[in-house]
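These notes concern the structure reproduced below.
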Amino acid sequence: MTPDSAPTVQQLLAFYLEAGVDCALTEEPVNRLSDPDIGAAAREAALPKPVRTIPAVIAAPRVEAAPAPEAAILSAREAARTAPTLEALRALLEQFDGCALKSTATRLVFADGNPQARIMFVGEAPGREEDIEGLPFVGRSGKLLDRMIAAIGLDRTSVYIANVIPWRPPGNRTPTPQETQICLPFIQRQIELVNPDVLVTLGNPSTQTLLSTREGIMKTRGRWFDYETGTRVIRALATFHPAYLLRSPSYKRMAWQDLRSIAKTLEQAQTTSSS
Ligand code: URA
């Protein structure tokens, strides 16, 4: 495409895809540049002439003013602290406007499984299928996670599953450090309220965020950490993300070792609590 020539529809679609715009939010195209909330100067600067609206097949992410990251992190901490139950925490998240990901996601993906579970799995962020269904790990990697859980005799009625980020980042892009920090108090409170005996972090982002380590998953996987809730220490194990295992099946052998280690620790915790 030369600077002077108008882009073709294909080029425009490729541009939107690269920018993470990969699904329709509405049936009709919306010209967000005519939004009165967007300043006239910005509109003037941004408008190519003649004005082109975005085709109906893809709608631009809504541009909404989110609070400054520091303010959003503080308000997330304050809000999460006050949630007395998981239902209250979910309701708080439904109301929370401090994370811009909420405005591009279809819905909140809070959790799946049993809130009384003794084991909790935490991934990074929902993908496309999760965003549609409103449940974590229901896509391809979720199917593998189900098989991993089944390998130690459990299923979604006996485990609890959530993500560090409860809204799908557009185009499955990596969440920014600010987005992660804004969502962190909520997942920390979720872990505290579920209060499992064993916490399993799936993949590098979840491990680094929750277990406060900068080491990569190749070093951390299979290692037990102490996760402090503030009121209790929970045994936490890092393992590979199922999406990674789908791409690199040779690591399934190590994941299997991690699962056996998890099963053993669960057994020990059971014996200790019943003796
Ligand atoms: N990957 C994640 O980390 N979480 C999901 O819920 C789905 C895919």
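The values are calculated or read from the model by the stated rules, or taken from the named source; none is laboratory data. All figures in this text were calculated on a predicted structure; none of them were measured in a lab. Cβ coordinates were reconstructed from backbone atoms using ideal geometry, including for glycine residues, and neighbour counts include every protein chain displayed.
General observations
Conditions tested, residue by residue: (1) crowded, with 17+ Cβ neighbours inside 10 Å; (2) modelled with pLDDT of 95 or more; (3) not in a helix (DSSP H, G or I).
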site: Ile38; (1), (2), (3): no, no, yes
site: Thr53; (1), (2), (3): no, no, yes
site: Pro61; (1), (2), (3): yes, no, yes
site: Glu70; (1), (2), (3): no, no, no
site: Arg81; (1), (2), (3): no, no, no
site: Glu87; (1), (2), (3): no, yes, no
site: Glu94; (1), (2), (3): no, yes, no
site: Ser103; (1), (2), (3): no, yes, no
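- Selection count, region 105-140, where residues are more than 9 Å from the ligand (Cβ to nearest atom), in a loop (DSSP other than H, G, I, E, B) and either in contact with a Gly (Cβ under 9 Å, 6 or more places away or on another chain) or closer than 22 Å to Ser158 by Cα (or both): 11
- Criterion (within 15 Å of the ligand (Cβ to nearest atom), hydrophobic (A, V, I, L, M, F, W, C) and over 18 Å from Phe137 (Cα atoms)) met by exactly one of Leu202, Leu210: Leu210
- Enumeration of residues in region 131-180 that are at positive phi and not aromatic (Phe, Trp, Tyr): Gly134, Gly153, Gly171, Asn172
- Gln178 meets the stated requirement of being under 15 Å from Ala100 (Cα atoms), away from the ligand (no atom under 13 Å from the Cβ) and out of contact with any Cys (no Cβ under 7 Å at 6 or more places or on another chain).
- Long-range neighbours under 6 Å by Cβ, at least six apart or interchain, first residue over 14 Å from Leu108 (Cβ atoms) within region 76-97, second modelled with pLDDT under 95 and of a type in the set (A, V, I, L, M): none
- Complete set of residues in region 98-122 that are of a type in the set (Phe, Trp, Tyr) and either closer than 18 Å to Pro170 by Cα or without any contact (Cβ under 8 Å) to a residue 12 or more places away in the chain (or both): Phe110
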